[in-house]
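Working notes, beginning with the structure itself.
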Amino acid sequence: GDFFVIGQTSFHLGHGTDSHSASDHPEGIEATRFEPGQLEQVPFRDPGKRLEVLTRLPELIWGARSDDDLHHRLTGLLLAGVNHADAVAIVEVADDDTDTSQISVLHWDRRQETAGPVRPSSRLVRNAVGDSARSILHTWDTDQAETPYTVVSEFNWAYCTPIRDVPGEQRAIYVAGRAPGESAQSGRPVLESDVRYTELIAEVVAAIRRVNRLERQRSSFRQFFAPPVLSALGDDPDTSLLEPRECDVTVMFCDLKDFSRHAETSSDDLITLLDRVSRIMGVITTQIHKYGGVTGDFQGDAALGFWGWPFPGATATQDACRAALGIRSELQNASSDPQHPLAEFSLGIGIAHGRAVAGKIGTSDQVKVTVFGPVVNLASRLESLTRQLHVPILMDQATADRVRDSLGTDEARLRRLARVLPYGFETPHTVSELLPPHSDWPELTDEHIARFEEGVDHFLAGTWEEAYACLHAMPASDRAQDFLTMMITQHNRVAPADWDGIVRLPGK
């Protein structure tokens, strides 16, 4: 297009081109900003060679082992495709929204290795990656330019093209060289073709990096979220949905019983023990995800799952109970086969419902999910109480209230066990056992459960003789009676004079 000159500064005119004022640029510099689509009509120079170079681009990007490796490959590719480029750099601007943002050269390359490092123009880079994020071309006459801004005696042009890929990152491709002919202005058609070629490379790089980032993100999410949750989050998850926030959650805490004993007996073959523990963690994760839950961090031989985040669910508490029963069933089936690698293992499971803070922590590439609050501590404590109360699964009153009438007896059964004050707690809790349906445990009938809860009522009321009679009627395979009957027996079936119905537990 046409151009005009004021003093020593020339301004290029073209459709969609942003020509800056004379005060923005030192004397002798022509600055051209290319708007979207402006270069689409510019023909590629030497299209055969450039097409050959571009066909290597996907393999080059996918094969990069790291960002440093990618930058090294890109600079080489650009030097091969831009004939008159003498220097290429991948640069990054610090995201602090100031005119003095630091410019970092992530990688550079020169056509002549002995020519020295590349020193990009800070102002050119900042302008290119700024709010407009457009390619900007600088040209100058080295004989007339009187400023070090962008001007290096061996060059008479430079341009910068943003790489628009990851939000929050301001990276760009910086290319500089000497135009063929007497001046950079006479070589503008070639330079515009070079800018178009570089923009194409930047777009492909950005697209593939976005895909890589999303795949890494989804891979990291996959270990925490069930498939329905992943589907709801979509292909490009709105990470604001995953930010920590307070919400109602149902927490399930699982821990291997007697793990120290297993570790001691397997001290000569810890690899096999690790494999067996990993299988158990796999059972837990599978059941959590099967019923739409989220897995938190594993802690050695313990695992955490929770429901109610990132999306609230009307059946969150019921699903937590279904997952717990699924875990119990899997391990029970394994125990029936002495040769099964999980045959000797058993789990304690605690379930609690209440307010907590749940959300992701970490970077976009390495996400971890956590939940914390009193309800998590309660679920953990309930799990430890399974050993003292001799049952596999315990739940708090809030959980029991939510599922007692909403889970059919063909799925699960509940029974109250006691009112306890765990060690270190200030508030007593009524705890209940989550039981499989009658079809899975026919020895314990619904009449047994009703009789047991009658015994608990007598126990709470202090009529321990009657309580003992009710509890003693349970089948031998039901060990839930042991805790209360032992306490009753130790007191000769007579409640203490100051009995208030609360069992104060001496330790964890």
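Residue-wise test of (1) modelled with pLDDT of 95 or more; (2) among the aromatic types (Phe, Trp, Tyr); (3) crowded, with 20+ Cβ neighbours inside 10 Å; (4) in a loop (DSSP other than H, G, I, E, B).
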| residue | (1), (2), (3), (4) |
| --- | --- |
| 314 | no, no, no, yes |
| 317 | yes, no, yes, no |
| 325 | yes, no, yes, no |
| 342 | no, no, no, yes |
| 350 | yes, no, yes, no |
| 365 | no, no, no, yes |
| 382 | yes, no, yes, no |
| 388 | no, no, no, no |
| 401 | yes, no, no, no |
Might you let me know whether segment 423-445 holds any residue that is buried (at least 17 other Cβ atoms within 10 Å of the Cβ), free of Cβ contacts under 8 Å to residues at least 60 places away in the same chain and in a helix (DSSP H, G or I)?
-> no
What number of residues within segment 426-464 are of a type outside the set (Phe, Trp, Tyr), closer than 16 Å to residue 501 by Cβ and modelled with pLDDT of 95 or more?
-> 15
Which residue pairs have Cβ atoms closer than 7 Å, lie 6 or more positions apart in sequence or on different chains, and pair a first residue in segment 28-45 that is assigned by TED's automatic domain parsing to the domain that holds residue 190 and buried (at least 18 other Cβ atoms within 10 Å of the Cβ) with a second residue that is part of a loop (DSSP other than H, G, I, E, B) and among the aliphatic types (A, V, I, L, M)?
-> 28/145; 29/145
Qualifying residue in segment 459-481 (condition: under 25 Å from residue 377 (Cα atoms) and surrounded by fewer than 15 Cβ atoms within 10 Å (Cβ to Cβ)) | no
Please enumerate the residues belonging to segment 118-153 that are modelled with pLDDT of 70 or more and of a type in the set (Phe, Trp, Tyr).
-> 140
Could you please give the count of residues in segment 273-284 that are more than 15 Å from residue 348 (Cα to Cα) and either in contact (Cβ under 8 Å) with a residue 40 or more places away in the chain or not hydroxyl-bearing (Ser, Thr, Tyr) (or both)?
-> 6
Could you please find all residues in segment 403-422 being within 18 Å of residue 326 (Cα to Cα) and not in a loop (DSSP other than H, G, I, E, B)?
-> 403, 413, 414
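Only one residue in 282, 296, 292 is surrounded by fewer than 16 Cβ atoms within 10 Å (Cβ to Cβ) and either assigned by TED's automatic domain parsing to the domain that holds residue 351 or hydroxyl-bearing (Ser, Thr, Tyr) (or both). Which one?
Values: 296 fails: surrounded by fewer than 16 Cβ atoms within 10 Å (Cβ to Cβ); 292 fails: surrounded by fewer than 16 Cβ atoms within 10 Å (Cβ to Cβ).
Answer to the selection: 282.
Among the residues of segment 286-314, write down those that are of a type in the set (S, T, N, Q) and within 16 Å of the chain's Cα centre (by Cα). Walk me through it before giving the result.
Taking segment 286-314 first, the residues of a type in the set (S, T, N, Q) are 286-287, 295, 299.
Residue satisfying the conditions is 295 alone.
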If we keep just the residues of segment 50-94 that are acidic (Asp, Glu) and crowded, with 17+ Cβ neighbours inside 10 Å, which is farthest from residue 124 (Cα to Cα)?
-> 86
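The values are calculated or read from the model by the stated rules, or taken from the named source; none is laboratory data. All values derive from a computational prediction rather than experimental measurement. Quick reminder, even Gly has a Cβ in these numbers, built from the backbone with ideal geometry, and neighbours come from all protein chains shown.
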